[in-house]
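Shown next, in structure tokens, is the structure this report addresses.
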Amino acid sequence: MDDREQVTQLLGRRPVADFDVVVRDRNGLPVVIRNAPLLPDGTPMPTRYWLVGRDLQAAIGHLESNGGVNQAEIEIGLQAIAAAHTRYAAERDAAIPAGHTGHRPTGGVAGTRIGVKCLHAHYAWFLAGGDDPVGAWVHARLNPPAASASADTPAGDTPAGDPPHIDRPHIDRPHIDRPSATGERA
């Protein structure tokens, strides 16, 4: 199965944007895709990095449903988040073809300008190598230090209400599949 078929299966629909898989799990399955900044018809695509790994989507959905967006904003601060949006937008905008005169994507991570809209999008950019304090915050919550686990919790279990542990070596930055200058996969 090729990347487009795998991503279609993970999303439950065909992707609209052109994309590259930039993070894979240890089995080679897509975890994060990097979308082109413009759809084939020229429509702006503000979300550059998209988390497609199902286990991570579920774990981060758990964080969001338990107040993670607000907590991240409080702990990180809006100024640091705004700086991340600026970096993200600059990276995305640098990929817009020279001479493009149509509409351009706006905003930062997930198309927002202020605060956190989507923990999934921040984590996707972080996994792809982005300097994102929100993505780092998410990662710390998905991978709590072993010492913080309760002595009453059997190995492999998580206390009720806690997200599952995500084994970072399976998705760490060294697994990024980056195209070479010739377009071939590294």
task = Would you point out the residue of segment 107-134, among those that are outside any helix (DSSP H, G or I) and within 14 Å of A80 (Cβ to Cβ), that is modelled with the lowest pLDDT?
result = I114
key: Set G161, G99, G183: member being at pLDDT 50 or above, assigned to a loop (DSSP other than H, G, I, E, B), of a type in the set (G, A, S) and out of contact with any Phe, Trp or Tyr (no Cβ under 7 Å at 6 or more places or on another chain)   = G99
request  = Scan segment 75-88 and give yes if some residue there is in contact with a strand residue (DSSP E or B) (Cβ under 6 Å, 6 or more places away or on another chain), buried (at least 18 other Cβ atoms within 10 Å of the Cβ) and within 25 Å of V7 (Cα to Cα), otherwise no.
outcome  = no
query = Looking at segment 8-32, which of its residues are in contact with a helix residue (DSSP H, G or I) (Cβ under 6 Å, 6 or more places away or on another chain) and either within 14 Å of R92 (Cα to Cα) or not in a strand (DSSP E or B) (or both)?
reply = R14, P15, D25, R26
task = Would you mind stating whether R54 is buried (at least 19 other Cβ atoms within 10 Å of the Cβ) and more than 19 Å from A95 (Cα to Cα)?
result = no
query = Residues of segment 66-108 being closer than 15 Å to Y123 by Cα, free of Cβ contacts under 8 Å to residues at least 60 places away in the same chain and of a type in the set (A, V, I, L, M, F, W, C), which ones?
reply = V69, I81, A84
key: All positions within segment 21-60 that are of a type in the set (D, E, K, R) and touching a residue at least 12 places away in the same chain (Cβ under 8 Å)   = R24, D25, R26, R34, R48, R54, D55
message = Within segment 33-43, take every residue that is outside any strand (DSSP E or B) and under 16 Å from the mean Cα position of the chain (by Cα) and give me the one that is surrounded by the most Cβ atoms within 10 Å (Cβ to Cβ).
response = P37
task = Tell me which residues, restricted to segment 12-28, are among the aliphatic types (A, V, I, L, M) and either in contact with a Gly (Cβ under 8 Å, 6 or more places away or on another chain) or surrounded by 15 or more Cβ atoms within 10 Å (Cβ to Cβ) (or both).
result = A17, V21, V22, V23
key: Of residues in segment 44-63 being under 12 Å from the mean Cα position of the chain (by Cα) and outside any helix (DSSP H, G or I), the one farthest from T101 (Cα to Cα)   = G53
key: Which listed residue, of G68, G99, is more than 17 Å from the chain's Cα centre (by Cα) and among the small types (G, A, S)   = G99
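To keep it simple, each residue is scored yes or no on (1) modelled with pLDDT of 95 or more; (2) closer than 19 Å to D131 by Cα.
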site	(1), (2)
M45	no, no
Y49	yes, yes
V52	yes, no
E64	yes, no
G67	yes, no
E73	yes, yes
R87	yes, yes
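The values are calculated or read from the model by the stated rules, or taken from the named source; none is laboratory data. Quick caveat, the model's predicted, so the values are computed rather than measured. Here Cβ is always computed from backbone atoms with ideal geometry, including for glycine, and neighbour counts include all displayed protein chains.
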